[in-house]
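Visitor: My questions all concern the structure below.
Please treat every number below as a calculation from the coordinates, not as lab data. Note that the structure is a prediction, hence the values are computed from the model and not measured. Methodologically, a virtual Cβ is constructed for each residue, glycine included, from the backbone with ideal geometry; neighbour enumeration extends over all protein chains shown.
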Amino acid sequence: MTILDRPTLDFLLYDWLGGEALLTRPAFAEHNRESVASMLDTAARLAETHFLPCFKKSDREEPSQNEHGAHVIPEIRTAIAAYAQAGFAAAPFPAAIGGLGLPNLIHTAATAFFMGANVPVASYSMLTVGNAGLIAHFGTQAQIETFVTPALEGRWTGTMCLSEPQAGSSLADIVTKAIPEGEDGLGVRYRLFGNKMWISGGDHDAADNIVHLVLAKIPGPDGKLIAGSKGISIFIVPKLMPDGSRNDVTLAGLNHKMGFRGTTNCLLNFGERDGAIGWRVGEIGQGLPIMFQMMNEARIGVGLGATMMGYRGFQLALDYARTRPQGRRTGTRDVSSKQIPIIEHADVKRMLLACKSYTEGALALILYCAKLVDESKTADTAQARAEADAVLGLLTPVAKTWPSEYALAANDIAIQVHGGYGYTRDFDVEQLYRDNRLNPIHEGTTGIQGLDLLGRKILRDGGKILAQFATRVAATIKAAKDDFPAEANALQAAMDAIAATVHALASVNDEAEMLANATNFLSAFGHTVLGFIWLDLALCISQGDHGAHFAAGKHAACRYFYSFEMPKIAAWLAPVIACDNLTTRMQDEWF
Amino acid sequence: MKLLVPVKRVVDYNVKVRVKSDGMGVETAGVKMSMNPFDEIAIEEAVRLKEKGIASEIIAVSMGIAACQETIRTALAMGADRGILVETDVELQPLAVAKMLKALVDKEQPGMVIMGKQAIDDDMNATGQMLAALLGWPQGTFASKLDIADGTATVIREIDGGLETVALTLPAVVTADLRLNEPRYASLPNIMKARKKPIETIKPADLGVDPAPRLTTLKVVEPAKRKAGVKVANVAELVAKLRNEAKVI
């Protein structure tokens, strides 16, 4: 079984997103469709040989703690090294630091293979690329040479240390402090003291060193920490110092998780003795803005991981449904007749259509956003770059959340298609579900994403960015009027309902009540975005020659989405547009 | 020593092959294509010989439609130095391929041709042998180990009864079996470098060969579905069935 269907990927990259035109831009002219195809071949092969084979083992033999720290299965070291040695870690970076300047769209497509094979093992490399990206963007030349180069060579890995035991989603409340200690060749030097919780890849024995990026506060002249997020700065704190000696960073414990076990998840103590040495990146107080520059891409990465776990569950369910004979066609009375494969049953097809529309739709959404990243950096005009950047910001909470919720739903359905077998550990689908269940939680929960979408991205600027996105949707609706009139009308109705809801909320004075139903709004907006994506895909597939089954399959998935999913939008929006304040008025004691 | 390595573009080994609706071939439209896995092994072996200093140049050759250039590029990314594409829309069969390879050998004068023992699409297992015969060169087919010293290639061959070792006086044709090596993947920087390596495109006529098929395809069908087994009551019945029905003893 292939991890990711190449004709589908090529259709999305080239027919739908115009990848070939992207590759002619000066920034990417080193690449062409043929070289990209070879890179995707290498990604597929590495994913099959180094990531997929340890999928179950990385779950079964979860990380353990010994006197040296966290121990993981040896396959993870090999996988991290192979990923980097093939050039994938460095690929999105500029040539000046050993990269290939690969477009984000293509790197995302390549990453999809590793995610489809084994997200928990691949996530070490994903975290490392994100970490290196931050240092490469905001760090000094000396910091880049010391901390980025070994990471891109696969010798070191990286983390992001944000949460603390008492401060998870609420980063403003962190209390890790950084005491200045002069300056050396790597910048302004500090001693850090504090505890960091939920640190993925925070300790392990799969690389020679770990570079932590740590959020902490520098005390003011009065010795007190500045309240709120403005006091937060960001620091590079390596596990081992550049000379190989131990830094004051200790693994205090491992979290024992439901899934995603290939990735260690750690409680780290910084400064148990004389303080963990770290160097500041960027200016004082700029910790969160710097971190969030990476966070948007990290959130799209979460969406991609969720998508690919759902996609693999769908492929496994499809394979099972095609080969598992059970029962006879409804209405068949002859019990001696041969049993039919369960894919022949209407309800199984309903489940598989749901999986197809969720996971292929989510993949299209992620690639659409990945292309927006490239557009925001390389589009021809400043106006086009700004528009892409704005739309990307609007869609980021959707790219993080929609796959986390609906590719997870596909994993749930994949278990159902397998019946009792799906509930056993002999099959992969239960693990995929457990692994994927993390995604609505980390990198900003679904609730946080709802607040981000409705509060920051829509209401704060009076819906200006939403209007820019609506222009893109309107073009698709117009183009679909003749061939897909019902879908075009339904999408228009959804966009109108979104606009009416935003209008209604704008007149609510109490901010808490205005945002109380933000998650419902996110659900409705997410489905509207996917309605747009599916209609646009259906239009695009009608224009090319992709083989009858391929086109019919995409059209059926689009029809499924409009018939079974789009009607949910009105139900989600009903309490939002009514400004229903049940949740703000509900009292603890009444439960 | 120059090495010539033919590489064939075939349906990817991961793809479930389907017979075309007209029954005259297999479906290739919209299907992922890649290098024949045995040819990857041949390229890998050639690259290792170059890394050992035994080979000086590796020429990757493919034949067929323009898209075969992608297969050559993969070979270049793995370490081949240059490529030759013999471009034609004609359906190619082993004898025509062997004749064109012979013409290329005459022109390029390699010290050895290393190639896959067969292609996974038609499983013909013929081109290497035909080429050796046309050239009048010794052949070491189904190689699972290859050593070169003093103008001799020592080849361990995988045969039905086990392993056979042959010594070939160079120049020779060697065809690669599965266990010869584990091919490397093309790293991203090497894929970029391969873009700058030269590929020469020529036509069959340039080699003086008419590639028109000599064999006619009557029809292509799916293999018969495997029938369910039966339980036998005792050894006597088993022996009787093997003797009378299966006729294998």
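Visitor: Just rank A:F561, A:F525, A:F93, A:F292, fewest to most, by other beta-carbon atoms within 10 angstrom.
Guide: Ordered by Cβ neighbours within 10 Å, fewest first: A:F292, A:F93, A:F561, A:F525.
Visitor: Compute the projected area of the convex hull of the Cα atoms of region A:385-432, averaged over all viewing directions, and report it in nm² to one decimal place.
Guide: 3.9
Visitor: Let me ask another. Taking the Cβ-Cβ separation of B:T154 and B:K197 as r and a Förster radius of 25 Å, what is the calculated FRET efficiency to the nearest 0.05?
Guide: About 0.25, to the nearest 0.05.
Visitor: Hey, could you get me the Stokes-Einstein D for the protein assembly as shown, Kirkwood radius over alpha-carbon pairs, 37 °C and 0.692 mPa s, rounded to whole µm² s⁻¹?
Guide: The Stokes-Einstein estimate is 110 µm²/s.
Visitor: Sticking with this one: Rounded to the nearest 0.05, what FRET efficiency do A:S170 and A:M258 give with R0 = 22 Å and r taken as the Cβ-Cβ distance? Could you check?
Guide: 0.40
Visitor: Can I ask one more? Per-residue ellipticity at 222 nm for chain B, helices alone: DSSP H runs ≥ 4 residues times -39500 (n - 2.57), over residue total, nearest 500 deg cm²/dmol?
Guide: Estimated from H runs of four or more residues: -8000 deg cm²/dmol.
Visitor: Please report the projected area of chain B's Cα convex hull averaged over all directions, in nm².
Guide: 16.9
Visitor: Counting DSSP beta bridges in chain A, what percent are antiparallel, to the nearest 5?
Guide: Here the share of antiparallel DSSP bridges comes out near 85 percent.
Visitor: Let me ask something additional. Rounded to whole Å and sorted largest first, list the principal axis extents of the Cα atoms in region A:286-443.
Guide: Extents along the principal axes: 71, 31, 17 Å.
Visitor: Separate question: Size of the dipole of chain B about the Cα centre, Lys and Arg at +1 and Asp and Glu at -1 on the beta carbon, nothing else charged, in debye to 20?
Guide: 580
Visitor: On alpha carbon coordinates alone, what is the Rg over Rh value for region A:101-163, Rh being the Kirkwood radius?
Guide: 0.99
Visitor: How would region A:157-285 be classified by its alpha-carbon gyration tensor: rounded, prolate or oblate, with rounded meaning a/c under 1.5 and the a/b versus b/c comparison settling the rest?
Guide: Taking the square roots of the gyration eigenvalues as a ≥ b ≥ c, region A:157-285 is oblate.
Visitor: Over region A:286-443, how many pairs of lysines fall under 27 Å by alpha carbon, counting only those 8 or more apart in sequence or from different chains?
Guide: So the count of such lysine pairs works out to 5.
Visitor: Right, something else. Among A:N296, A:C369, A:G422, which residue has its Cα furthest toward the positive end of the charge dipole of region A:286-443, with +1 on Lys/Arg Cβ and -1 on Asp/Glu Cβ?
Guide: Comparing the listed Cα positions along the dipole, A:G422 ranks first.
Visitor: Just how large is the dipole of the protein assembly as shown about the Cα centre, in debye to the nearest 20, putting +1 at every Lys and Arg Cβ and -1 at every Asp and Glu Cβ?
Guide: Here the size comes out at about 1460 debye.
Visitor: Now a separate question. Ranked highest first by average number of other Cβ atoms within 10 Å, how do B:15-21, B:35-41, B:66-72 line up?
Guide: The densest-packed peptide leads the list: B:35-41, B:66-72, B:15-21.
Visitor: Follow-up. Can you tell me what percent of all Cα-Cα pairs in region A:62-158 are more than 17 Å apart?
Guide: The calculated P(r) of region A:62-158 puts 50 percent of pairs beyond 17 Å.
Visitor: I've got another one for you. Classify region A:430-581 from the C-alpha gyration tensor, please: rounded if a/c falls under 1.5, else prolate or oblate depending on whether a/b exceeds b/c.
Guide: Judged from the Cα gyration tensor, region A:430-581 comes out oblate (a/c at least 1.5, b/c at or above a/b).
Visitor: Where does region A:537-591 land on Rg(C-alpha)/(2.2 N^0.38 Å)?
Guide: 2.00
Visitor: If we count other beta carbons within 10 Å of each Cβ, what is the order of A:S38, A:S404, A:S163, fewest first?
Guide: Going from sparsest to densest Cβ surroundings: A:S163, A:S38, A:S404.
Visitor: Can you tell me which aspartates and glutamates have their Cα less than 20 Å from the Cα of A:K478? Leave out same-chain residues fewer than eight positions away.
Guide: Within reach: A:D15, A:E487, A:D496, A:D536.
Visitor: Could you work out [θ]222 nm for chain A from helices alone, using -39500 (n - 2.57) per DSSP H run of at least four and dividing by all its residues? Round to the nearest 500 deg cm²/dmol.
Guide: -16500 deg cm²/dmol
Visitor: If you average over every viewing direction, what projected area does the convex hull of the Cα atoms of region B:64-143 give, in nm²?
Guide: The Cα convex hull of region B:64-143, projected and averaged over all directions, gives 5.6 nm².
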